[in-house]
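Below is one structure, written out as structure tokens; comments come after it.
The values are calculated or read from the model by the stated rules, or taken from the named source; none is laboratory data. Here the structure is a predicted model, which is why all the values come from computation and not from measurement. Glycine gets a Cβ as well: all are built from the backbone with ideal geometry, and neighbour counts include every protein chain shown. Heads up: the accessible areas ignore ligands, DNA and RNA and are worked out on the full protein's heavy atoms, side chains in. Shrake-Rupley method; radii C 1.70, N 1.55, O 1.52, S 1.80 Å.
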Amino acid sequence: MDIVERFLNYTKFDTQSSEESESVPSTAKQLVFAEYLKKELEQEGLDNVEMDENGYLYATLKANIKEAVPTIGFISHYDTSPDCSGAGIKAQIVSHYDGSDIELSPGIVSSPKKFPELLQHVGEDLIVTDGTTLLGADDKAGIAEIVQAMVYLQQHPEIKHGKIRVAFNPDEEIGMGAHHFDVEKFGCQWAYTMDGGDVGELEFENFNAASAKISIKGVSVHPGYAKGKMVNANALAAEFAKMLPDDETPETTEGYQGFYHLLGITSNIEQAKLSYIIRDHDRDKFEDRKRFVKKCAEQMNAKYGEGTVEAVVSDQYYNMKEKIDPQMHVIDLVLKAMQESGVAPKVRPIRGGTDGAQLSFKGLPCPNIFAGGVNFHGPYEFVSIQSMEKAMQVIVKICQLVGAYNG
């Protein structure tokens, strides 16, 4: 089985996670794919293939050298985003893409005018959707690349390597992927998530992240007799939202700039709830942002009465850079592997999070490497077959370099 067939098989499974669920994994359908993947790993000859009660799947490729070298790992998540349907995916291949519009289905067009990223892949073979679902390259492309690399290493025993561990987990898309990951069982000195975007991306900086839940209590009174009595929670919700800077939102920021992002508002006269996420690469600025949200609530309470507004701010994850910086050999190996694989490295900060961030703080340094997908979480998602092949080659090369590692 080649990497394309493997990936296309994976896309047939609906593995969408759910933010509304409290189970682990968040949706039972994820386990259907995990069971399929477990059998595939066994059939491909990996050892110690096991899946725990939470759907975390672990396996081993045994070393083919006697020398003591670090045990490293590769990780991908198998859930797809709640933002767009992952059911009934109809993947299709555009061979030798020529740079023109792609008709995904009648009336649904993926155009380089709207998605200029397409033009970076002229001449390549693209896997696209039919425009009604996401594709699932985030992160089934990563899984296919890891599995294919393990198969390739077994088929080429002349490539010397140490013990390699692989792991596949649920619920990354809802921020829960690393929560039940057993770092001790995984048993690696360091690892890599294959969960990045376009070819060449290497990320070891990500946002510090928090959620903010704002609850507002109003007082409902007949509007004809409301003077001096009514407290309209709808109006207070709008007032609170306007207290946060208009130029520090996702749609106005880039690079290392942080933001406040209003995810949603539910409100009526008596009560309102606002849900935010807070993001910043700089830890001090991140802490300032959290304090500012709480200060806004305090100012509202000073104006409308104590207990009118409550702000609950909860940390979600932190910037992995502070854990990677002391161990830059983990990054140097990837850079060398990319260069020897003919891939131009693109080192950039993640304007988001990754399982690797949480794993790094659990004691497993874990930067993020490209998996090749573009336009995640929507019906215009695509992945280049050549990018997937390059990612697989980079994995193989990392294993080879660590097999000769004397650091």
Worksheet, complete the sentence: Carbon and sulfur atoms account, in whole percent of the 1.4 Å probe accessible area of region 307-348, for 46 percent
Practice prompt. Apply the Kirkwood formula to region 106-222: the hydrodynamic radius equals the inverse of the mean of 1/r over all pairs of different alpha-carbon atoms; give it in Å with one decimal.
Written response: 19.1 Å
Fill in: Crossing angle, helix 29-43 versus the chain [Cα axis fit, 0-90 degrees, rounded to tens]
10 degrees
Worksheet item: If you line up the long axis of helix 137-155 against the longest principal axis of the chain, both from Cα atoms, how many degrees apart are they, to the nearest 10?
Response: 20 degrees
Practice prompt. Show the residues, 5+ positions off or on another chain, whose built amide H is closer than 5 Å to the amide H of F370.
Written response: G196, G200, E201
Practice prompt. Compute the accessible area per residue over region 277-407, keeping the other protein chains in place, probe 1.4 Å, unit Å².
Written response: 42 Å²
Discussion item. List the residues, sorted by chain then number, that are 5 or more residues from V49 or on another chain and whose placed amide H is less than 5 Å from its amide H.
Written reply: T60
Worksheet entry | Scaled radius of gyration (Cα, divided by 2.2 N^0.38 Å) that region 46-114 gives | 1.87
Worksheet item: What fraction of the Cα pairs in region 1-42, stated in percent, has a spacing above 14 angstrom?
Response: 53 percent
Practice prompt. Mind checking the per residue accessible area of region 45-171 for me, 1.4 Å probe, whole number of Å²?
Written response: 39 Å²
Worksheet item: Rg to Rh ratio, region 240-377, alpha-carbon atoms and Kirkwood radius?
Response: 1.08
Item to complete: Hey, can you grab everything whose amide H is under 5 Å from the amide H of T71? Only 5+ residues off in sequence or another chain; H modelled, so Pro and N-termini drop out.
Response: Q189
Discussion item. Students sometimes get this wrong: rank T129, T71 by accessible area, probe 1.4 Å, all chains present, largest first.
Written reply: T71, T129
Discussion item. Just to be sure I understand the model, the point goes 7 Å from the Cα along the line to the Cβ. What's the resulting V24 to I65 distance in nm?
Written reply: 3.6 nm
Item to complete: Enumerate the calculated ³J(HN,Hα) couplings along region 162-177 in order (Karplus 6.51 cos²θ - 1.76 cosθ + 1.60, θ = phi - 60°), each rounded to whole Hz, writing x wherever the residue is Gly or Pro.
Response: x, 5, 10, 10, 10, 8, 10, 10, x, 6, 5, 5, 10, x, 10, x
Worksheet item: Which FRET efficiency value, to the nearest 0.05, is calculated for H377 and D288 with the Förster distance at 22 angstrom and r the Cβ-Cβ distance?
Response: 0.15
Worksheet item: Which of (1) 25.9, 90; (2) 30.0, 93; (3) 23.4, 86 is the computed Rg and Dmax of the Cα atoms in Å for the structure on display?
Response: (3)
Worksheet item: Rounded to the nearest 10 Å², what accessible area does K114 show when all protein chains are kept and the probe is 1.4 Å?
Response: 140 Å²
Worksheet item: Regarding region 1-145, what is the average projected area of its C-alpha convex hull, in nm²?
Response: 11.4 nm²
Worksheet item: Expressed as an acute angle from 0 to 90° and rounded to the nearest 10, what is the orientation of the C-alpha long axis of helix 233-243 relative to the principal long axis of the chain?
Response: 60 degrees
